[in-house]
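Participant: Starting off with a structure, shown below.
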Amino acid sequence: MTREDIDQLALEAAYEQALKSQSEGGIPIGSALVNDRGVIVALGHNLRVQTGDPTAHAETVCIRNAGRRRDWHTLTLASTLSPCAMCTGTAVLHRIRRVVIGENETFQGREDWLEDEGVEVVVLDDPRCVDLMRRFIDRSPDLWNEDIGVPPD
């Protein structure tokens, strides 16, 4: 399996998680952790709305679901959307060396921080991910702004 195959597999798993969050009435962002053979280690989706937990972003939930481990530096984290500062910080803290991003058109997270820390960042510009977020932001701008920390007008 090539690295590109693994990236696509990871993003597909993350996208399915985003759809799961959407079906639960949540924010449609998903994440997956995979090893260098393409085995899915953990999955997560944004649970902030469902649980009322403001830290329950997809990437953080995914990393939480992976449990205690020492091999973070060998894993790839995939997310349907560019990771925010909190999720980036979690990846940096655990020394995840590779992050695959479905899209960064609707939201530009802290890819700069990842790159500054030597993390390989791969942006796939997946049109499904862009469309999913655009539709959500159009339907629920207040909820979206709440998720990314934008104060009300």
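Participant: Which condition number in (1) outside any helix (DSSP H, G or I); (2) closer than 16 Å to VAL119 by Cβ; (3) over 14 Å from the mean Cα position of the chain (by Cα) is the one that ARG37 fails?
Facilitator: (2)
Participant: Continuing with the same structure: For the stretch 90-123, what are the residues that are small (Gly, Ala, Ser), farther than 15 Å from ILE148 by Cβ and open to solvent by less than 30 Å² (accessible area, probe 1.4 Å)? Break it down into steps so the answer makes sense when it comes.
Facilitator: Narrowing the stretch 90-123 to residues small (Gly, Ala, Ser): 91, 102, 109, 118.
Right, trim to farther than 15 Å from ILE148 by Cβ and you get 91, 102, 118.
Residues satisfying the conditions are ALA91, GLY102.
Participant: A further question on this structure: Condition first: open to solvent by 50 Å² or more (accessible area, probe 1.4 Å) and either charged (D, E, K, R) or closer than 24 Å to ARG128 by Cα (or both). Now tell me which residues in the stretch 54-70 satisfy that.
Facilitator: ARG64, ARG68, ARG69, ARG70 - these are the residues of the stretch 54-70 that are open to solvent by 50 Å² or more (accessible area, probe 1.4 Å) and either charged (D, E, K, R) or closer than 24 Å to ARG128 by Cα (or both).
Participant: Hey, among THR80, THR90, which residue is within 25 Å of LEU143 (Cα to Cα), of a type in the set (S, T, N, Q) and free of Cβ contacts under 8 Å to residues at least 60 places away in the same chain?
Facilitator: THR90
Participant: Taking the stretch 1-26, which residues are small (Gly, Ala, Ser) and open to solvent by 10 Å² or more (accessible area, probe 1.4 Å)?
Facilitator: Within the stretch 1-26, ALA13, SER23, GLY25 qualify.
Participant: Among LEU43, LEU77, which is assigned to a strand (DSSP E or B) and open to solvent by 60 Å² or more (accessible area, probe 1.4 Å)?
Facilitator: Every option except LEU43 fails the conditions.
The values are calculated or read from the model by the stated rules, or taken from the named source; none is laboratory data. Note that the coordinates shown come from a computational prediction; the quantities given were computed from them, not determined experimentally. Virtual Cβ from ideal backbone geometry, glycine too; neighbours counted across all protein chains shown. With ligands, DNA and RNA removed, areas are computed over all heavy atoms of the protein, side chains included. Shrake-Rupley method; radii C 1.70, N 1.55, O 1.52, S 1.80 Å.
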